[in-house]
Amino acid sequence: MPFAISYDAVDVLTTFATKHNITYTLLSDEGSKVIRALGLFNENVFEHHAAYGIPKRDQCWGVPYPGVFLLDEQGYVLQKRFQQSYHERETGVVVLERGFGLTSSVRGTPVHAQAQGIQVAARLDSPTYRSFQRLWLTVDMHIDAGLHVYGQPIPEGFIPLTVEVTPGEGLIVGTPECAQSPHYAPSPTGPSGGWRSYPWDFFIAPPLLRWPDA
Amino acid sequence: MTIPIDFGIDFTKIGPAVGERFPDVILPDQHGQYVNLHQVRNGRRALVVFHRSAGW
């Protein structure tokens, strides 16, 4: 269940929740006591704003580093998701899928491609884009049994797998993550004493960010 | 200037760490009712979002 914490007074949260039809819990940490106690108070907010050419505004003093914590059933921190730039926001989809390992119902529609022995499906976290959102482009790949995927270093004579994103105005492509699909379960049984390869599912996902003035 | 700027912030050292219990938080919600985060969670997983402001 979601909780959102900011330094705003209750009446500011009431107005915001009404305007945007927010039904989840917004918490008012007026005076930033919790933000400070948890070590999230951004003491460098004016320097960070200045670096982006934003003039000093006193009302900004007291904000936290924006980001999210994922808690397990016992209340322990499973994951923290923060970005260097306070502008950037991830989507709810990435929190559900990469954070909690669930499948979101609102992820972007995949496009499919295939060649001999490999099937590819590429999708964005979301079918729409909002400014400064960090969307992951997830490229899911399924490789048939008998074909192999090597990690680094690549054996000589092999061609590295790459994902290329066509440049676009203001589009920033971040460092990709690559991992075996969480939905993949290797078969526990197989002929012993010989090399055997199973069908293999994995993904490569570079984050995409559109910066309006970049 | 490279955008976004890398301020070199080490987020592993900012706020509760992965594996730690998230501290008790009791704050008023948008209706003015006090909410005890862990109590309301009631054994469920949770997402705690810290954001800058809902007012500006």
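The values are calculated or read from the model by the stated rules, or taken from the named source; none is laboratory data. Remember, predicted model here, so these are calculated numbers, not experimental data. For neighbour counting, all protein chains shown are included, and Cβ atoms are generated from backbone atoms with ideal geometry for every residue, glycine included.
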*Report whether or not A:GLY151 is loosely packed, with under 10 Cβ neighbours inside 10 Å and modelled with pLDDT of 85 or more.*
no
Considering the stretch B:19-56, residues that are among the polar types (S, T, N, Q) and in contact with a strand residue (DSSP E or B) (Cβ under 8 Å, 6 or more places away or on another chain), and then whichever is farthest from A:GLY31 (Cα to Cα), we arrive at B:ASN36
Among the residues of the stretch A:62-95, the number that are more than 9 Å from every other protein chain (Cβ to nearest Cβ) and of a type in the set (A, V, I, L, M) is 2
B:VAL18 fails exactly one of (1) at the interface with chain A (Cβ under 7 Å from one of its Cβ atoms); (2) more than 21 Å from A:PRO207 (Cβ to Cβ), namely (2)
Only one of A:THR14, A:THR25 is facing chain B (nearest Cβ under 8 Å), among the polar types (S, T, N, Q), closer than 16 Å to A:VAL68 by Cα and out of contact with any Gly (no Cβ under 6 Å at 6 or more places or on another chain), namely A:THR25
Selection from the stretch A:1-14 of residues of a type in the set (A, V, I, L, M) and in a helix (DSSP H, G or I) yields A:VAL10, A:VAL12, A:LEU13
Note: among B:ASP24, B:ASP29, B:ASP10, B:ASP6, just one is at pLDDT below 95 and either of a type outside the set (S, T, N, Q) or over 28 Å from A:TYR52 (Cα atoms) (or both), namely B:ASP6
The correct count of residues that are exposed (fewer than 13 other Cβ atoms within 10 Å of the Cβ), part of a strand (DSSP E or B) and modelled with pLDDT of 75 or more in the stretch A:165-214 is 1
Checked the stretch A:129-164 for anything β-branched (Val, Ile, Thr), under 27 Å from A:LEU96 (Cα atoms), outside any strand (DSSP E or B) and over 18 Å from the mean Cα position of the chain (by Cα); matches are A:THR162
Task: A:ASP58 vs. criteria within 16 Å of B:ARG52 (Cβ to Cβ) and of a type in the set (Asp, Glu) - done: yes
Looking across the stretch B:21-56 at residues that are charged (D, E, K, R) and at the interface with chain A (Cβ under 7 Å from one of its Cβ atoms), the single one that is surrounded by the most Cβ atoms within 10 Å (Cβ to Cβ) is B:ASP29
